[in-house]
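Below: one structure, written as structure tokens.
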Amino acid sequence: EEYNGTSWTGGGALTTARDFLGGTGLQTAGLAFGGQSAAPYTNLSSTEEYDGSSWTNGGNLGTARLKLAGAGTQTASVAFGGNSPAVANTELYDGSSWTDLGHHLVEGKTTAAGGSQQGTTTAALVAGGFDPSPAIVTTSQVYNGTSWATSPSMATARRGGAASGTATSCLGVGGERPAQSNHTEEFAGETTSFNLKTITDS
């Protein structure tokens with residue numbers, strides 16, 4: 001579905017139905033990758049590109065996975081983390097194919113906030129999610145194009161939330177902790193912690 005600032009309308013359907021996928025880009029130049037197919041629930045490596053009306057197949061991820069996150073544009077995106085089982089590797093998409101960069105997360109994460117565009121291929125942020133323990137965590141990490149480093153933690157541990165913004169100015173919204181939550185937090189840069197804005201659960 002597409003949002004015009006006021007209402008939602010139906011857009012083109014994905015070629016492959018899936019859940020727990022990663023996504024980046026804009027309404028007229030979107031990217032969807034990875035995830036899980038319908039029964040028998042297979043981890044996917046396939047990528048699809050959206051032109052504002054329909055989806056077409058792009059290059060496959062090197063590692064099939066679900067519950068991953070991403071940042072960037074349709075022609076320059078990074079995909080990171082996920083569950084295949086848990087992975088920490090980062091892949092770069094150039095508009096046609098994915099390349100494993102060998103840049104691993106400090107700690108592997110799944111269902112972390114980062115499914116929405118949250119930065120670029122040289123300045124991305126991922127927060128919360130499940131670590132390999134497994135445990136729901138508050139930790140966040142920032143990416144500079146060559147390596148991941150720890151950054152200030154969220155105030156509330158959560159998984160499966162949504163995120164938007166940049167690596168220095170972003171929002172983390174909703175998720176589970178473990179119950180469903182309506183908490184919103186904002187991040188304002190490397191020297192500033194996440195700030196809890198809403199404390200009432202729904």
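The values are calculated or read from the model by the stated rules, or taken from the named source; none is laboratory data. Just so we're clear, the structure is a prediction, and the values are computed from it rather than from any experiment. Because the Cβ atoms are built from the backbone with ideal geometry, glycine has one as well, and the counts that use them run over all protein chains shown. These area figures cover heavy atoms from the full protein model, side chains too; ligands, DNA and RNA do not enter into them. Shrake-Rupley method; radii C 1.70, N 1.55, O 1.52, S 1.80 Å.
Evaluated against (1) open to solvent by less than 20 Å² (accessible area, probe 1.4 Å); (2) at positive phi, Thr90 falls short on exactly one condition, (2).
Name the residue that is nearest to the chain's Cα centre (by Cα), counting only residues in the range 140-155 that are over 14 Å from Ala71 (Cα atoms) and surrounded by 21 or more Cβ atoms within 10 Å (Cβ to Cβ). Residue satisfying both the conditions and the ranking: Ser140. When Tyr50, Tyr41 are screened for being free of Cβ contacts under 8 Å to residues at least 40 places away in the same chain, of a type in the set (Phe, Trp, Tyr) and buried (at least 17 other Cβ atoms within 10 Å of the Cβ), only Tyr50 passes.
Taking Ser77, is it part of a loop (DSSP other than H, G, I, E, B), under 21 Å from Ala112 (Cβ atoms) and open to solvent by less than 70 Å² (accessible area, probe 1.4 Å)? Spell out the reasoning first.
Details: part of a loop (DSSP other than H, G, I, E, B): no; under 21 Å from Ala112 (Cβ atoms): yes; open to solvent by less than 70 Å² (accessible area, probe 1.4 Å): yes.
Spelling it out, it is not the case that Ser77 is part of a loop (DSSP other than H, G, I, E, B), under 21 Å from Ala112 (Cβ atoms) and open to solvent by less than 70 Å² (accessible area, probe 1.4 Å).
Name the residue that is nearest to Gly175 (Cα to Cα), counting only residues in the range 59-74 that are in contact with a Ser or Thr (Cβ under 7 Å, 6 or more places away or on another chain) and either open to solvent by less than 20 Å² (accessible area, probe 1.4 Å) or in a strand (DSSP E or B) (or both). The qualifying residue nearest to Gly175 (Cα to Cα) is Gly70. Among residues of the range 1-13 that are within 20 Å of Glu49 (Cα to Cα) and among the acidic types (Asp, Glu), those with a beta-carbon under 9 Å from a residue that is open to solvent by 100 Å² or more (accessible area, probe 1.4 Å) and outside any loop (DSSP other than H, G, I, E, B) at least six positions away or on a different chain give the pairs Glu1/Trp8; Glu2/Trp8.
How many residues, within the range 9-58, are part of a strand (DSSP E or B) and within 27 Å of Val126 (Cβ to Cβ)?
Going residue by residue through the range 9-58, those that are part of a strand (DSSP E or B) are 9, 19, 22-26, 29-33, 36, 43, 47-50, 55-57.
Filter once more, keeping what is within 27 Å of Val126 (Cβ to Cβ): 19, 22-26, 29-33, 36, 43, 47-50, 55, 57.
Qualifying residue count for the region: 19.
Taking the criterion of being under 22 Å from Gly165 (Cα atoms) and open to solvent by 40 Å² or more (accessible area, probe 1.4 Å), the only residue of the range 93-102 that qualifies is Asp94.
Kindly indicate whether any position in the range 109-124 is more than 30 Å from Thr56 (Cβ to Cβ) and either under 15 Å from the mean Cα position of the chain (by Cα) or at pLDDT 90 or above (or both).
Looking for residues that are more than 30 Å from Thr56 (Cβ to Cβ) and either under 15 Å from the mean Cα position of the chain (by Cα) or at pLDDT 90 or above (or both), one finds none in the range 109-124, hence no.
Here Asp51 passes the criteria (1) at positive phi; (2) charged (D, E, K, R); (3) more than 19 Å from the chain's Cα centre (by Cα) except the one numbered (1).
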